[in-house]
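> To start, I am sharing the structure in question, which I have written as structure tokens.
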Amino acid sequence: METHPDIIDMRSRHELAERATTTPRAQAVEAMAFLTGLYLAASPWIAGFNSLTTLAVNNLIVGIAYALLMSGGFGRAYERTHSMAWAACALGVWTIVAPWVVAGDVSTTRTIVNNIIVGVIAALLALAASATARPNRSSGLERGMPSSYGADRS
């Protein structure tokens, strides 16, 4: 591994990912997002619309997927963390529109309010995670350049 031609670039990306995920802000976003995913999975039984089976199953599956995506366990590499946060954002948007899209008559006031609130929170937390995982464009480290690169350029 020490003779790999891109070892310096690989190490710098790993260090960036490590720094991004160890900040208190990133840890707080990750914890809140995980809890949001768990709530979404359990929301049909908590909010009382578990009799609407299509939406209940949808919320269960999407909630588990969101919790897994946002828990950080799969994405310690910088690019994967960023991509997974965008996928989680899409799940948040899906949660908002699901009461109208899922088959059957599931668009009751309870389901709409629950899914809109949880979906907005999920999307915002995913956007926050995406911002945390975004490469620092000004440093040049994502391109393998020293941080002083371009400092003297006009």
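Every residue, every condition in (1) modelled with pLDDT under 80; (2) more than 19 Å from residue 87 (Cβ to Cβ); (3) open to solvent by 50 Å² or more (accessible area, probe 1.4 Å), yes or no:
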{"site": "2", "(1), (2), (3)": "yes, yes, yes"}
{"site": "7", "(1), (2), (3)": "yes, yes, no"}
{"site": "11", "(1), (2), (3)": "yes, yes, yes"}
{"site": "20", "(1), (2), (3)": "yes, no, no"}
{"site": "37", "(1), (2), (3)": "no, no, no"}
{"site": "41", "(1), (2), (3)": "no, no, no"}
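> Among residues belonging to the range 51-66 that are assigned to a helix (DSSP H, G or I) and open to solvent by 70 Å² or more (accessible area, probe 1.4 Å), point out the one that is nearest to residue 39 (Cα to Cα).
Among those that are assigned to a helix (DSSP H, G or I) and open to solvent by 70 Å² or more (accessible area, probe 1.4 Å), it is 64.
> Any residue in the range 124-139 that is at pLDDT below 80, exposed (fewer than 14 other Cβ atoms within 10 Å of the Cβ) and of a type outside the set (Lys, Arg)?
Yes, there is a match, as at least one residue in the range 124-139 is at pLDDT below 80, exposed (fewer than 14 other Cβ atoms within 10 Å of the Cβ) and of a type outside the set (Lys, Arg).
> Additional query: Limited to the range 93-111, what total is found for residues that are assigned to a loop (DSSP other than H, G, I, E, B) and either open to solvent by 40 Å² or more (accessible area, probe 1.4 Å) or at pLDDT 90 or above (or both)?
5
> State which residue pairs qualify: first residue closer than 13 Å to residue 97 by Cβ and inside the range 107-129, second residue part of a helix (DSSP H, G or I) and aromatic (Phe, Trp, Tyr) in any location, beta carbons under 9 Å apart, and separation of 6 or more residues or different chains.
107/100; 112/100; 118/39; 119/94; 122/66
> Across the range 67-84, which residue is surrounded by the most Cβ atoms within 10 Å (Cβ to Cβ) among those that are among the hydrophobic types (A, V, I, L, M, F, W, C) and at pLDDT 80 or above?
Among them, the one singled out is 70.
> Also: Residue pairs, Cβ under 6 Å, 6 or more apart or interchain, first in the range 31-53 and touching a residue at least 24 places away in the same chain (Cβ under 8 Å), second charged (D, E, K, R). List them.
47/110; 49/110
The values are calculated or read from the model by the stated rules, or taken from the named source; none is laboratory data. Bear in mind that the values here come from a model prediction, so they are computed numbers and not experimental data. Note that each Cβ is placed from the backbone with ideal geometry, even for glycine, and that neighbours are counted across all protein chains shown. The protein model used for the area step is the full one, side chains on, heavy atoms only, and it has no ligands, DNA or RNA in it. Shrake-Rupley method; radii C 1.70, N 1.55, O 1.52, S 1.80 Å.
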